[in-house]
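Derivation of every value follows stated rules applied to the coordinates shown; laboratory data play no part. The structure displayed is predicted, hence computed values, not measured ones. Ideal geometry is used to build each Cβ from the backbone, glycine not excepted, and the neighbour counts take in all protein chains shown.
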Amino acid sequence: MTHIFDLTGKRAVVTGGGTGIGLAMAQALADAGATVTLWGRRQEKLDEAAAANEKAGFLTQQVDVADPQQVTDGFAEAAKRMGGLDIVVANAGISAGPKKLAEVTPEEFRRVLAVNLDGAFFTIQQAANVMSEGGSIITVSSLASIDATPRNYAYGASKSGVIALTKAAAVELARKQIRVNAVLPGWIRTDMTEGSQNNEKFNNAVIPRVPARRWGNPEDFGGIAVYLASDAAAYQTGTSTVIDGGYSIF
Ligand code: NAD
């Protein structure tokens, strides 16, 4: 009997898959039987991730999601190598250092939008072009799409934009039997939050307000990736799933 979350024979791309939440999602997809290609800007990080997870059998591709041509070529190559495409996780993202409104430069604002919003758009658009019927696109937004993000203007704007893209694409792509759903992480222990993890004031002020009383771990996102990718979620599209240890409701 096949398992309800079985992904055997499915082919996946995870953007920003060399580290953090993306890598943990990629590991879970591979554990469930999928063939997974990791995308990232730095080939050495991708090689490291593949070597450290030999059992997962990751393929890797150096692709900058902010570059539409690289994304288009990347999906063509990924589909050729894996024999098709069923699952895409639009996870790649960056954050800018905290800045007051008056101090944000146009260049910094654009830099974050280029990766987090333009990158998510190119990823969804080109994935849909090559994806099989029954495919699943998972976007990684943030609680920053709901909560105010003072001093992180571009990040909040980009992650709200990802929700808008997710919903719009979910409606249009439903005709092609492709689902699009967003995951919204809370405070997760990854490279992106290293500064906050090492900041005593932050740890004393914020983490005690998380009902689960701890930082989230990348591994906390494996289950949602497998579920949303699987046929168990066949009737789920356009949704936003918060995974934050209860932070946003407390
Ligand atoms: P991370 O820094 O480990 O992961 C981000 C990955 O994206 C890295 O591997 C990086 O190399 C890659 N990347 C960056 N720019 C890229 C580009 N132009 N093209 C391709 N890859 C690129 O941090 P993470 O926390 O695992 O972040 C993963 C996602 O989760 C991001 O979208 C982030 O905004 C989101 N998120 C994280 C948190 C958190 O607390 N860590 C909270 C909410 C949302």
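Points to keep in mind about this one:
- Subtracting the Cα-Cα distance of LYS167 and ILE249 from their residue separation scaled by 0.36 nm leaves 27.3 nm.
- Amide hydrogen proximity for ILE137: with H placed 1.01 Å from N in the peptide plane, the residues at 5 or more positions away or on another chain lying under 5 Å are VAL88, ARG179, VAL180, ASN181.
- Prolate/oblate/rounded call for the stretch 95-243, Cα gyration tensor, a/c under 1.5 rounded: oblate
- Net length gained if the chain between LYS99 and ALA205 were fully extended (0.36 nm per residue, minus Cα distance): 36.2 nm
- Magnitude of the charge dipole, the stretch 133-215, Cβ model with Lys/Arg +1 and Asp/Glu -1, debye to 20: 200
- √(5λ) per eigenvalue of the Cα gyration tensor, the chain, largest first, Å: 28, 20, 18
- Most to least packed among 208-218, 229-239 [average Cβ atoms within 10 Å]: 229-239, 208-218
- Cα-based reach from LYS100 at 23 Å (exclusive), listing lysines while leaving out same-chain residues under 8 positions away: LYS159, LYS201
- Extension gain, GLU194 to ARG151, is 13.8 nm, computed as 0.36 nm per intervening residue step minus the present C-alpha separation.
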